[in-house]
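Notes follow the structure.
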Amino acid sequence: MRFYVNFILLVALIVNSQSNAQRTKDKMYQPLNGIASCFRRMNGTHQTGCSSAKEGTTGVVHYVKKSSELDLILSLDNNLQYIPAIPVNEFTKEVVQKLLTSSKISGLVVYETNETTIKHFSHEDSCPNRYSNLDGTCTKSWNEYGTGLLLEDLSIPIFYLNLSEDVKMIKDCFIKFNNFSYETHQDRSLCALELSSFMFAAINTPTCIRRGSNANFNFNTVKFCDALGDQNVWATLFPIAQTNSLKYVVVSARMDSSSMFSDLVPGAASPVSGLVTLLSTAQVLKRMVPKYEDYDYNVIFVLFNGESYDYIGSQRIVYDMSLDRYPVHGFTTSNNETVSNINLKDIALYIEISQISQVDQMYIHYKKDSEEITRMFNLLDKNNADRFKKSSGNIPPASLQSFLNEDPEIPGIVLADHGDTYKSQYYHSIYDNAANLQFNYVNTSENSIKVVPEDSIQEYVAKISTGLAKSIFEFVTKEQYNGSEKADVLLVNELFHCYLENANCTVHQAVQRRQFRQAPFNLYVSVAVVPNIVTSLIGLTLAWFTADKVKTGPCDPDLNTDIYRYFNMSESISNLNSTQCFKASMNFTEAKSPAFDIEDYAWDSGKYSTWSESVWHDFSMRMFLKPSKSHEIMTISIGTTVFVAAIAIILFIKRKSEVLFESGDTTPTNC
Amino acid sequence: MDLEKMSNENKLDLCKWYFKVGFVFLPFIWAVNAIWFFNEAFRKPAYDEQKQIRKYVIFSGIGAILWGLVLTAWIITFQVNRVAWGQFADDLSFIIPLGS
């Protein structure tokens, strides 16, 4: 008999294990995949962004195509909470504010749509990095259509949905269960969503850092937040050891961008256009002047990280420079000679490459005129077919602001495609992408015609970088450039492709000699404890462009010194399989705000960037059928009744056990 | 321990001991005392020590209730003001709740 029962159980187990081993409570939900979520960041005084409730926020779906359709649910007289799904073109500040003030709204889903073109979409401040800029900078609305929503504390979870099947699933469910007879919503089953984006940290950066530390009674130390940051990149045109006492021409750009939704930070106009221009300029300049010959200046290329969050990278460099420890504190060469660090006073001219797009008129922004700036302007104007126009007074938000904040006398210029307002209408948003930069990749590997169109952004950036490289050459050497070197438009084409469309591009394969994911990188700076792979790739690319070729074939092992780093890289993008040994003066420095390193830093002082990002567990979005109120009450009533009845029966059986069960042994058990 | 098997004298000693111990910031001991000896103090037929036991039971009960009120008031105050009190409240916390 026992054998028989066990056999049955075993068979049942085997049959059951072949079916889907999913828990019943999970079977009630339909997970949605193509999601990106808004999350929480904090600065010294405030929290910004979104968080769901700890167990996820739920609400009844309301799918709309126009935000005006939302009035219907806002005016409903019931106790239900709703999660509207709106198309991305309706995701405006006005709509969000209207939803936030209503108690009927528990969350928001923004779905991708191709039906309308969006003329402008930027939720960054109208004056980015407002509180870290020089006085007067924000008298202009640089980011004209910026709503500032990125800097607000949004009390509901917001998700972005970019998978059309998932959007359709929500729409179908909404039409089937919700989109009729709204007055009876409370009495029937409805299609609902559960949004999970619970944020551990709250209030502000000092609070979450303090809570995460081991102070006082706090037994169960959890990490609440992390400082934003990554690494800056620097490379010099001439090896830094040869040019100890020289002044520097700094050529800089930024590497990071931002947007409201996690992992969707394309950053085409800012930073990729400027970044590619800098890399291309470096590559041409190295070919124009391969060796140091008694010039008055050296050139240092600097790429800043975390500039979207109150200039983390540039503030750090200025801080390190003022402590005389940039790029590396007291480092020595192999000949035991100490190389002097670069200080603010060593900057002869600072050139920042900001957003670049195809415009007839480029602008040179500067705060105060100086001899160096005038010289550079004349050179740029000559070498770029009178394309440049001077714009003095207030400079746009740029890394130069950090330098001028410390020393207003530094001669600095910002090269940009815009005058008083940005040309890019998608600053720091999910729409700052290749399409909106008018970038069309020319696939040279498949296409037999290897010609980039004359009116393309690639051609434009190549021209600008050739002119810029020529100007820097003439500034440094004080000679006229008579050579024929110019920027390689195919390389520019490839660089844009690397950062905007496909990380597994030829440049990355050449410098890193491995395969990458066939997708663009996310250009959000992210937290300092996790290094971004894109930063190291940009560094290697800059190293490749500014390095000296040592020999054909792989480098000898263990050659690296503090100043020189040796890399095995391909000869060129058209010859990926060749290996050559390159000697580069490129390295990384920390891009973490000094606020996190200074002891007892006054967090509300506003001197340094204080941005941190909350820790979270997971982002998820699920759809389910929410039962009606009466159904819920019935379920809990039945449960309670069964529970009470079970207790009653057990009590009864216990009391009557002597009658009910015949006892074999009548003697009581010994205590 | 079974009160049924104890002498009345021992019961008094025990009740008194519990009452005294409760003064060392142990309101739960008072609560236990009040509940445990309630039958002895009020329901049992009169015996010599009962009057004293009754006294200790009453005072233990009052003490426990007072403690309960004070603790409840503090807990409500603390939970309501935890976020506003900032570092002070964090310093008093053993486990800091996530997300607020």
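For the reader, a short list of remarks on this structure follows.
- Relative contact order for chain A, counting Cα pairs under 8 Å that sit 6 or more residues apart, in percent: 21
- At most 16 other Cβ within 10 Å, DSSP loop - trypsin sites (Lys or Arg not before Pro), region A:96-198: A:Lys119, A:Arg188
- Chain B: angle of helix B:27-36 to the longest principal axis, Cα-based, in degrees nearest 10: 30
- Accessible surface, per residue, of region A:507-590 when the full set of protein chains is kept, probe 1.4 Å, Å²: 45
- Over the residues of chain A, the helix contribution to mean residue ellipticity at 222 nm works out to -8500 deg cm²/dmol, using -39500 (n - 2.57) for each DSSP H run of at least 4.
- Peptide B:66-78, shielding by other chains (average Cβ, 10 Å cutoff): 0
- The H on the amide N of A:Phe388, modeled in the peptide plane, is under 5 Å from the matching H of A:Met362, each at least 5 residues off or on a different chain.
- Using a probe of 1.4 Å on the protein chains alone, the accessible area found for A:Val642 is around 90 Å².
- Efficiency of FRET from Cβ geometry, A:Ile175 and A:Ser536, R₀ 51 Å, rounded to 0.05: 0.60
- Chain B: angle of helix B:8-21 to the longest principal axis, Cα-based, in degrees nearest 10: 20
- Note on A:Lys629 and A:Val659: the model spin-label points, each 7 Å out from Cα along the C-beta direction, lie 4.6 nm apart.
- Averaged over B:89-95, number of beta-carbon atoms from partner chains that fall within 10 Å: 5
- Spin-label model, B:Asp91/B:Phe42: points 7 Å from Cα along the beta carbon direction are separated by 4.4 nm.
- Helices meeting the span-like rule in chain A (full DSSP H runs, Cα extent of at least 24 Å along the helix axis, mean Kyte-Doolittle score of -1.0 or higher): A:2-18, A:457-477, A:629-655.
- With a threshold of 27 Å on the Cα-Cα distance, the over-threshold entries among A:Lys140/A:Lys486; A:Lys368/A:Lys592; A:Lys54/A:Lys104; A:Lys367/A:Lys423; A:Lys93/A:Lys140; A:Lys423/A:Lys583 are A:Lys140/A:Lys486; A:Lys368/A:Lys592; A:Lys423/A:Lys583.
- Each of B:Phe19, B:Phe37, B:Gly61 was placed along the dipole of region B:3-70 (beta-carbon charges, centred on the mean Cα), and the one lying farthest toward the positive end is B:Gly61.
- Unit charges on C-beta of K, R, D, E only; dipole of chain A, Debye: 1580
- Comparing B:Ser7, A:Pro627, A:Ala227 along the charge dipole axis of the protein assembly as shown, the residue lying farthest to the positive side is B:Ser7, per the Cβ-charge model.
- Cα centroids of region A:537-612 and region B:15-88: 69 Å apart.
- Accessible surface of A:Met28, taken over heavy atoms with a 1.4 Å probe and every protein chain present, rounds to 120 Å².
- Candidate lysines - alpha carbon under 27 Å from B:Lys20, same-chain residues fewer than 8 apart omitted: B:Lys5, B:Lys11, B:Lys44, B:Lys51, B:Lys55
- Here the 3J(HN,Hα) profile of region A:553-563, calculated from phi with Karplus coefficients 6.51, -1.76 and 1.60 at θ = phi - 60°, is x, x, 5, 5, x, 6, 8, 3, 10, 5, 9 Hz, Gly and Pro shown as x.
- Amide hydrogen proximity for A:Phe224: with H placed 1.01 Å from N in the peptide plane, the residues at 5 or more positions away or on another chain lying under 5 Å are A:Gly212.
- Each of A:Leu576 and A:Val529 was given a label point 7 Å from its Cα along the Cα-to-Cβ line. The distance between the two points is 3.6 nm.
- The figure for A:Phe624 is an accessible area of roughly 40 square angstrom, using a 1.4 Å probe on the protein chains alone.
- Residue order for A:Thr552, A:Thr281, A:Thr374 - accessible surface, 1.4 angstrom probe, largest first: A:Thr552, A:Thr374, A:Thr281
- For A:Ile395, no residue whose modelled amide H falls within less than 5 Å of its own remains once neighbours fewer than 5 places apart on the same chain are excluded.
- Computed on protein heavy atoms with a 1.4 Å probe, the accessible areas place A:Phe619, B:Phe23 in the order B:Phe23, A:Phe619, largest first.
- Over region A:369-438, Cα pairs under 8 Å with separation of 6+ residues give a relative contact order of 27 percent.
- Point-charge dipole on Cβ atoms (K/R +1, D/E -1) for region B:3-70, about Cα centre, debye to 20: 120
- For the pair region A:52-117 and region A:233-274, the centres of their Cα atoms are 39 angstrom apart.
- Percent accessible area from carbon and sulfur atoms, the protein assembly as shown, protein chains only, probe 1.4 Å: 54
- 0 to 90° range, to nearest 10: angle between helix B:50-85 axis and chain B longest Cα axis: 10
- Computing FRET efficiency as 1/(1 + (r/R0)^6) for A:Glu144 and A:Val359, where r is the C-beta to C-beta distance and R0 is 22 Å, gives about 0.90.
- Interface size, chains B and A: roughly 1300 Å² of accessible area buried, both sides included, 1.4 Å probe, rounded to the nearest 100.
The values are calculated or read from the model by the stated rules, or taken from the named source; none is laboratory data. The structure presented is a predicted model; accordingly, all values stated were derived computationally and were not measured. Here Cβ is always computed from backbone atoms with ideal geometry, including for glycine, and neighbour counts include all displayed protein chains. Note: areas computed on protein heavy atoms with side chains; ligands, DNA, RNA excluded. Shrake-Rupley method; radii C 1.70, N 1.55, O 1.52, S 1.80 Å.
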